[in-house]
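Q: Here you go, one structure.
What follows is calculated from the coordinates using simple rules that are stated; it is not laboratory data. Treat the numbers as computed from the prediction; the structure is a model and nothing was measured.
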């Protein structure tokens, strides 16, 4: 690799790290050891909280317009979409009906120790319980209880999880 190419990669990494630090500083709350990949996009970060030890992978976009809360020890895989914002469906002019949109827009709440698979979509008003798993490509349109696996479009219940306490910590392991 040429010296100039290495310089460009180093400069790109510095810019991305600065953008990530800036994004974290704009969040309502950002726990310790939070990992945001450089290509993660958060719209209205001031309406979002992220708990400690949570990781959000590349190309995930989060619209926190009406609030998004992500718990601790969560893993959100690549290319996911999470939105608290919605548009009304029966409008002649959707762009101008911002006041009506508020009726259909609601906060998204994601509990602790949640794993969201790649390409999943979480819609406004959804609450995902702690220790839940959302399968890749799922479209979550309604609440997911604690300790359950959901997948599909629309996402549906697949399996209840049995959890054991990890002997080294208070974290739980999915069986």
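Q: So for the chain: antiparallel DSSP bridges make up what percent, rounded to the nearest 5?
A: 20
Q: How big is the Cα convex hull of segment 5-57 in projection, averaged over all directions, in nm²?
A: The orientation-averaged projected area of the Cα hull of segment 5-57 comes to 3.7 nm².
Q: Build a GNM of the chain with springs between Cα atoms under 10 Å: which of 149, 43, 76 gets the top mean-square fluctuation?
A: It is 43.
Q: Mind listing P(r) for the chain? All alpha-carbon pairs, 10 Å bins, whole percents.
A: With a bin width of 10 Å, the distribution comes to 10, 34, 31, 17, 6, 1.
Q: Shifting gears a bit: Mind telling me which of 119, 73, 162 comes out most flexible in a GNM of the chain, alpha-carbon contacts under 10 Å?
A: Among 119, 73, 162, the largest GNM mean-square fluctuation belongs to 162.
Q: For the chain, what is the relative contact order in percent, using Cα pairs closer than 8 Å and at least 6 residues apart in sequence?
A: Relative contact order of the chain: 12 percent.
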